[in-house]
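Following: one structure in structure tokens, then a few remarks.
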Protein chains: 4
Amino acid sequence: MTERRLNIVVWNEYVHERGTGVPADLYPDGIHGAIADGLRASLGTAAVVSTATLDEPEHGLPAAVLDHVDVLVWWGHVAHDAVSDELAARVQQRVLDGMGLVVLHSAHYSKPFRLLMGTSCGLRWREADDRELIWTVNPGHPIAAGVPAVIPLARHEMYGEFFDIPAPDELVFISSFTGGEVFRSGCCFHRGKGKVFYFSPGHETYPIYHDAMIRQVIGNAVGWACAGESSGTQTGIHESPNGWFEQ
Amino acid sequence: MTERRLNIVVWNEYVHERGTGVPADLYPDGIHGAIADGLRASLGTAAVVSTATLDEPEHGLPAAVLDHVDVLVWWGHVAHDAVSDELAARVQQRVLDGMGLVVLHSAHYSKPFRLLMGTSCGLRWREADDRELIWTVNPGHPIAAGVPAVIPLARHEMYGEFFDIPAPDELVFISSFTGGEVFRSGCCFHRGKGKVFYFSPGHETYPIYHDAMIRQVIGNAVGWACAGESSGTQTGIHESPNGWFEQ
Amino acid sequence: MTERRLNIVVWNEYVHERGTGVPADLYPDGIHGAIADGLRASLGTAAVVSTATLDEPEHGLPAAVLDHVDVLVWWGHVAHDAVSDELAARVQQRVLDGMGLVVLHSAHYSKPFRLLMGTSCGLRWREADDRELIWTVNPGHPIAAGVPAVIPLARHEMYGEFFDIPAPDELVFISSFTGGEVFRSGCCFHRGKGKVFYFSPGHETYPIYHDAMIRQVIGNAVGWACAGESSGTQTGIHESPNGWFEQ
Amino acid sequence: MTERRLNIVVWNEYVHERGTGVPADLYPDGIHGAIADGLRASLGTAAVVSTATLDEPEHGLPAAVLDHVDVLVWWGHVAHDAVSDELAARVQQRVLDGMGLVVLHSAHYSKPFRLLMGTSCGLRWREADDRELIWTVNPGHPIAAGVPAVIPLARHEMYGEFFDIPAPDELVFISSFTGGEVFRSGCCFHRGKGKVFYFSPGHETYPIYHDAMIRQVIGNAVGWACAGESSGTQTGIHESPNGWFEQ
């Protein structure tokens with residue numbers, strides 16, 4: 001018996017890392033490359049991990065591809081508006097149909113995440129090399145598996161409350177910063193048959209996605225977001241049958 | 001000292017009741033008229049209750065009006081698509097800024113509700129004169145104040161699960177139907193600084209909005225959704241200030 | 001490499017089935033026997049499934065046994081008071097430490113469940129051969145995997161709202177009954193590092209635990225409640241260390 | 001027409017402030033006295049605010065008194081065990097019946113709170129004059145009315161995650177500390193027909209309950225926790241009627 005391998009795609013706008021400067025130095029293969037490397041190491045043969053970027057045809061996610069993705073990881077920052085409304089709506093629909101979505105850092109303002117949340121997704125921020133401490137507030141959650149009580153990031157951009165999202169269905173991490181701010185940095189949402197995890201670490205000027213514990217969290221999140229067997233057992237949930245149960 | 005009176009607007013597409021037939025007979029002043037009557041009776045001098053309809057200029061809700069609404073009640077069915085995307089987005093933004101929104105029956109598919117939920121908002125349905133029983137599952141909730149353990153509706157359209165919404169922040173009512181279906185018929189959501197209550201009773205061919213207990217629930221919901229003093233105490237929550245707490 | 005097999009225990013007061021009458025006829029090996037059979041069939045070699053009953057020494061759950069249980073399934077009805085307070089507290093503590101607990105039917109009034117909920121856990125009930133329909137309201141949830149949109153039970157005891165529990169962290173099933181009542185029949189709770197699933201089917205005078213779909217749900221619930229790898233990764237969460245993060 | 005005035009009782013173990021030392025200097029009338037003063041100022045003629053302490057007969061809360069309390073505020077620290085199990089159970093039952101309960105600081109380990117939560121209620125702590133910043137993460141919540149985005153406390157005891165409570169039904173405040181810890185410092189819970197608010201500020205060696213903003217929060221919390229009209233509209237919710245809806 002062979003099990004189907006999971007189909008994981010890491011999407012990145014891939015803008016910052018193409019110039020010269022810190023992001024390019026930190027991520028010579030792009031942020032997506034670093035994240036995909038981490039996922040391949042943690043998921044092994046259980047998954048096929050590929051990448052897609054903004055400048056590819058249909059942003060690298062034509063329907064024929066997207067329809068077979070189990071979990072999509074999304075990073076974006078300066079080019080949110082360049083993502084087509086059509087793709088954003090298709091990603092939203094795929095989540096409702098059961099696809100997992102892991103939304104990273106500045107993608108809090110990405111089109112798919114905002115469509116799925118229904119709120120502004122605004123937050124406070126400051127680029128000042130704050131130390132960030134990521135505390136687990138849900139130690140039994142699968143996304144916290146193998147994660148210590150606190151993950152320190154020596155330097156990072158500050159993201160602070162109020163974070164204008166619906167109350168998360170499960171809150172896994174809360175961060176603090178040198179400046180005293182707090183942030184709900186690991187948030188789970190269930191939408192339709194799909195799962196969404198927002199995880200705030202990952203500004204492009206810090207080597208966050210090379211951190212072993214951050215990779216552990218993202219690997220856990222992909223595993224959690226994956227519908228596995230439960231996907232597809234109840235089809236047509238968005239239809240409106242007009243009949244009686246007993247007929 | 002005089003307190004500011006609340007500003008409540010009942011919006012209705014006002015299509016069914018204009019023809020001849022059952023809806024026109026049941027609601028000679030429109031569904032909005034019946035709902036507004038109920039609200040005037042329950043809220044008394046605490047509120048000014050007015051109405052707005054689809055065919056008015058800017059659907060009766062130009063920015064100058066909408067910006068001063070405390071709670072908006074919304075009924076729509078066959079004309080969802082005729083509502084401008086601009087108004088739908090403005091209603092969504094007003095909720096995030098603190099306005100209350102009470103969404104009734106077939107308005108589960110209205111543009112503002114879908115934007116705020118981020119899901120398909122689909123459900124099962126059947127027009128077959130089912131008896132509906134509305135059970136309170138949250139007896140301490142303000143929307144259940146003065147409401148008996150069960151509200152019976154002799155005949156109504158069936159709405160059934162799966163109802164594709166985010167898990168409600170508070171679940172107040174669950175209904176059953178003659179056919180054995182169940183439905184989360186009273187659901188609270190918090191979005192930004194605003195509150196949303198979805199309440200499923202109110203098909204246009206039944207005299208639901210003349211029912212005393214249904215009026216009690218809608219009156220309670222308007223009171224609950226009203227931000228009151230807390231609105232406006234924290235401004236700029238959607239902005240992204242870039243500074244330190246201590247400076 | 002050999003994986004550790006899960007350790008599942010089905011606990012039953014085992015009173016009704018020992019007399020003569022319907023329960024004895026339906027469950028010649030006890031309710032626990034039928035549930036354990038179902039779990040063995042669905043979990044296969046991944047788990048060791050055993051049983052324990054009230055009349056055994058220390059109710060079959062001495063600390064040396066309980067400390068190694070991954071998921072405990074609990075059925076009780078007329079003998080709740082015969083369970084020692086000491087065992088009830090130990091079960092509660094084990095859940096906080098990461099053990100899964102699946103609470104069935106009349107065990108809504110069991111000591112461990114009441115301790116974990118903090119509420120009266122009261123409900124309406126009626127023994128009148130109602131038809132029960134169990135609707136999935138969370139089709140992407142792992143406990144709904146492989147389960148149809150509705151599970152019919154031809155005849156069952158009625159359990160109805162208001163069910164005095166904390167709002168479930170995840171609501172998976174809602175039931176309706178011939179009499180028109182509704183009930184939150186499948187409810188998930190997270191407590192400490194452990195998970196609790198309450199599932200209402202299973203009155204002793206009906207062959208509920210021989211039903212294939214009910215067995216599917218219980219098997220799913222055991223899989224969901226099992227902490228797996230995440231158990232034990234953060235020790236000492238109930239301690240109160242008095243030191244600085246950085247020292 | 002005269003409205004019934006709310007009946008608010010502030011309960012305190014009243015141990016620390018009776019000796020000589022910082023707590024006695026800060027709170028010459030006891031912690032309960034300071035809290036009651038604040039409530040009288042904010043609630044005015046709408047409420048009668050009284051106090052009760054551990055050393056009074058029946059801890060100052062005989063059934064004849066407790067049965068008429070609308071909201072009970074609770075502070076305790078070193079004498080949790082001196083509170084009778086009978087009173088703790090009676091407080092729990094009163095909450096289920098609709099009474100509000102505001103639990104302050106070290107009362108996270110009080111008997112009534114632990115009974116209502118069902119968890120260990122453990123947390124990290126450190127007495128080291130940390131600066132605490134209390135951030136609002138739910139700006140539309142009535143308990144945040146009139147409260148700024150952040151309340152600073154110049155010096156306070158540190159309380160940190162993991163805080164072993166059920167996920168709050170509504171999360172209003174998150175605190176950070178000089179040491180980088182975070183804490184869910186303002187948490188709402190609904191239990192039965194009653195409401196519980198846990199608010200962490202208030203170590204006995206700091207003048208926290210003289211702070212205007214802390215008083216604002218506690219006043220808001222009392223208003224929120226008060227069932228008002230909705231109390232008593234559905235009686236007998238813990239009973240188990242055995243009849244048909246239609247008979």
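Quick notes
- Selection of the stretch D:28-61 for residues being at pLDDT below 95 and either in contact with a Ser or Thr (Cβ under 7 Å, 6 or more places away or on another chain) or of a type in the set (S, T, N, Q) (or both) yields D:S42, D:T45.
- Odd one out for D:V103 among (1) under 26 Å from B:P139 (Cβ atoms); (2) among the aliphatic types (A, V, I, L, M); (3) at pLDDT below 95: (3)
- Residues that are within 15 Å of D:V182 (Cβ to Cβ), small (G, A, S), in contact (Cβ under 8 Å) with a residue 40 or more places away in the chain and in contact with a Leu (Cβ under 8 Å, 6 or more places away or on another chain), drawn from the stretch A:160-199: A:S175, A:S176, A:G186
- Flag if B:R215 is farther than 28 Å from C:E132 by Cα and modelled with pLDDT of 95 or more: yes
- Pick from the stretch D:218-247, criterion modelled with pLDDT of 95 or more and among the β-branched types (V, I, T), ranking: surrounded by the most Cβ atoms within 10 Å (Cβ to Cβ): D:V222
- Out of A:I8, A:I35, one residue alone is touching a residue at least 24 places away in the same chain (Cβ under 8 Å) and in a helix (DSSP H, G or I). It is A:I35.
- Residues in the stretch D:178-201 that are crowded, with 24+ Cβ neighbours inside 10 Å, in a loop (DSSP other than H, G, I, E, B) and touching a strand residue (DSSP E or B) at 6+ places or on another chain (Cβ under 9 Å): D:E181, D:S200, D:P201.
- Some residue of the stretch B:93-112 being in contact with a strand residue (DSSP E or B) (Cβ under 7 Å, 6 or more places away or on another chain) and polar (S, T, N, Q): yes
- Test: residue in the stretch D:43-54 that is free of Cβ contacts under 8 Å to residues at least 40 places away in the same chain, buried (at least 19 other Cβ atoms within 10 Å of the Cβ) and not hydrophobic (A, V, I, L, M, F, W, C): no
- The test for being within 18 Å of the chain's Cα centre (by Cα) and over 25 Å from D:E56 (Cα atoms) does not hold for D:G146.
- Filtered residue count, the stretch C:160-176, keeping only those that are more than 27 Å from C:G192 (Cβ to Cβ) and more than 8 Å from every other protein chain (Cβ to nearest Cβ): 0
- Helices (runs of 4 or more DSSP H) contained entirely in the stretch C:58-140, each with at least 2 residues that are without any contact (Cβ under 8 Å) to a residue 60 or more places away in the chain and either aromatic (F, W, Y) or within 23 Å of D:R191 (Cβ to Cβ) (or both): C:85-96, C:111-117
- D:E157 fulfils the conditions (1) under 18 Å from D:E58 (Cα atoms); (2) more than 14 Å from chain B (Cβ to nearest Cβ); (3) among the charged types (D, E, K, R) except for a single criterion, (1).
- Among the residues of the stretch B:118-144, the ones that are under 30 Å from A:T119 (Cβ atoms), more than 7 Å from every other protein chain (Cβ to nearest Cβ) and out of contact with any Asp or Glu (no Cβ under 8 Å at 6 or more places or on another chain) come to 2 in all.
- Scanning the stretch A:181-204 for residues that are under 13 Å from the mean Cα position of the chain (by Cα) and aliphatic (A, V, I, L, M) returns a single hit, A:V196.
- Every test in (1) within 14 Å of chain B (Cβ to nearest Cβ); (2) under 29 Å from C:G118 (Cα atoms) is passed by D:V150 save one, and that test is (2).
- A:H108 vs. criteria over 23 Å from A:R215 (Cα atoms) and more than 14 Å from chain C (Cβ to nearest Cβ): no
The values are calculated or read from the model by the stated rules, or taken from the named source; none is laboratory data. Everything numeric here is computed off the predicted structure, so don't read it as measured data. FYI the Cβ positions are ideal-geometry reconstructions off the backbone, even for glycines, and counts take in every protein chain you see.
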